[in-house]
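Down below is the structure, laid out as structure tokens.
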Amino acid sequence: NAGVTQTPKFRVLKTGQSMTLLCAQDMNHEYMYWYRQDPGMGLRLIHYSVGEGTTAKGEVPDGYNVSRLKKQNFLLGLESAAPSQTSVYFCASSYSTSGIGQETQYFGPGTRLLVL
Amino acid sequence: AQKITQTQPGMFVQEKEAVTLDCTYDTSDQSYGLFWYKQPSSGEMIFLIYQGSYDEQNATEGRYSLNFQKARKSANLVISASQLGDSAMYFCAMREALTGGFKTIFGAGTRLFVKA
């Protein structure tokens, strides 16, 4: 099992450019998440998905869009990148959000994004 | 208002000694989950331990144990017999259920330094 993978690992964008971050998981998890991590702060939830074809907003959704066309993939899009979106982005997945042990989120390795 | 508070930005511990990393949380929900994650310098997020709000016993996973004091709303991580490889950032997180969804909140983290 590869677990949770993210592509790309690192990217530099100019302000106004667009890009898509790809997250894939091979654990048959229902739930998937996108977080951003900024210096001195914990992770903040951007968007999440409770199943194929569904998405929902998290804590900091502005400036991002997501899609979950296949159960194993969760895409994060930046339509018009801004310097404030410079961050490390983590994808995670879990079986569910209830039940002992079922809520555990497994994280990808992260994507470092620099917006100039 | 802070939902997850980690009051120790940095901690030092001597190799082979035990260390406690503090975490307090704030919720009015009866059903929630508490997690600890480790983030080494390589950047990945590694799940360490989980405690459900209804679990009567403290969770343990190898050298990690979670000191869960529900009335005090604290979920401290105890690492026994520290190793050099334990040097990392440690994040406490809480999952609470919301109507029609859920929320996962991370603390700002504690950086642990293990001295030889």
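The values are calculated or read from the model by the stated rules, or taken from the named source; none is laboratory data. Just so it is clear, the structure is predicted and the values come from calculations on it, not from any experiment. Note: ideal-geometry Cβ built from the backbone for every residue, glycine included; neighbour counts use all protein chains shown. Side chains are part of the model used for accessible areas, which takes the heavy atoms of the whole protein and leaves out ligands, DNA and RNA. Shrake-Rupley method; radii C 1.70, N 1.55, O 1.52, S 1.80 Å.
State all residues of the stretch B:16-49 that are open to solvent by 30 Å² or more (accessible area, probe 1.4 Å), part of a strand (DSSP E or B) and at the interface with chain A (Cβ under 10 Å from one of its Cβ atoms); if no residue qualifies, say none.
B:46, B:47 - these are the residues of the stretch B:16-49 that are open to solvent by 30 Å² or more (accessible area, probe 1.4 Å), part of a strand (DSSP E or B) and at the interface with chain A (Cβ under 10 Å from one of its Cβ atoms).
Residue-wise test of (1) over 15 Å from the mean Cα position of the chain (by Cα); (2) more than 13 Å from chain A (Cβ to nearest Cβ); (3) crowded, with 19+ Cβ neighbours inside 10 Å; (4) polar (S, T, N, Q).
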position: B:51; (1), (2), (3), (4): no, no, yes, yes
position: B:54; (1), (2), (3), (4): yes, no, no, no
position: B:57; (1), (2), (3), (4): yes, no, no, yes
position: B:63; (1), (2), (3), (4): no, yes, no, no
position: B:67; (1), (2), (3), (4): no, yes, no, yes
position: B:71; (1), (2), (3), (4): yes, yes, no, no
position: B:74; (1), (2), (3), (4): no, yes, no, yes
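Taking the residues in the stretch A:36-52 that are open to solvent by 50 Å² or more (accessible area, probe 1.4 Å) and in contact with a Lys or Arg (Cβ under 6 Å, 6 or more places away or on another chain) as candidates, determine which candidate is nearest to residue A:112 (Cα to Cα).
If we take residues in the stretch A:36-52 being open to solvent by 50 Å² or more (accessible area, probe 1.4 Å) and in contact with a Lys or Arg (Cβ under 6 Å, 6 or more places away or on another chain), then A:44 is nearest to residue A:112 (Cα to Cα).
What's the number of the condition residue A:104 fails, among (1) touching a residue at least 40 places away in the same chain (Cβ under 8 Å); (2) polar (S, T, N, Q); (3) open to solvent by less than 10 Å² (accessible area, probe 1.4 Å)?
The failed condition is (1).
Take the residues in the stretch B:76-116 that are more than 11 Å from chain A (Cβ to nearest Cβ) and of a type in the set (S, T, N, Q); name whichever of them is most open to solvent (accessible area, probe 1.4 Å).
Among those that are more than 11 Å from chain A (Cβ to nearest Cβ) and of a type in the set (S, T, N, Q), it is B:99.
Given the conditions (1) touching a residue at least 24 places away in the same chain (Cβ under 8 Å); (2) in a strand (DSSP E or B); (3) of a type in the set (A, V, I, L, M), report the number of the one that residue A:56 does not fulfil.
The single condition residue A:56 does not satisfy is (1).
Quick check on my filter: what residues within the stretch A:68-97 are part of a loop (DSSP other than H, G, I, E, B) and buried (at least 20 other Cβ atoms within 10 Å of the Cβ)?
Of everything in the stretch A:68-97, those that are part of a loop (DSSP other than H, G, I, E, B) and buried (at least 20 other Cβ atoms within 10 Å of the Cβ) turn out to be A:68, A:81, A:97.
Whether any residue in the stretch A:62-72 is within 10 Å of chain B (Cβ to nearest Cβ), without any contact (Cβ under 8 Å) to a residue 24 or more places away in the chain and of a type in the set (A, V, I, L, M) is what I want to check.
No: zero hits.
Need at least 1 residues that are acidic (Asp, Glu) per element, so show me which strands (runs of 3 or more DSSP E) inside the stretch B:51-116 make the cut, counting only ones lying wholly within it.
B:88-98
Among strands (runs of 3 or more DSSP E) lying entirely in the stretch A:1-53, which contain 3 or more residues that are of a type outside the set (A, V, I, L, M) and free of Cβ contacts under 8 Å to residues at least 40 places away in the same chain?
In the stretch A:1-53, the matching strands (runs of 3 or more DSSP E) lie at A:43-51.
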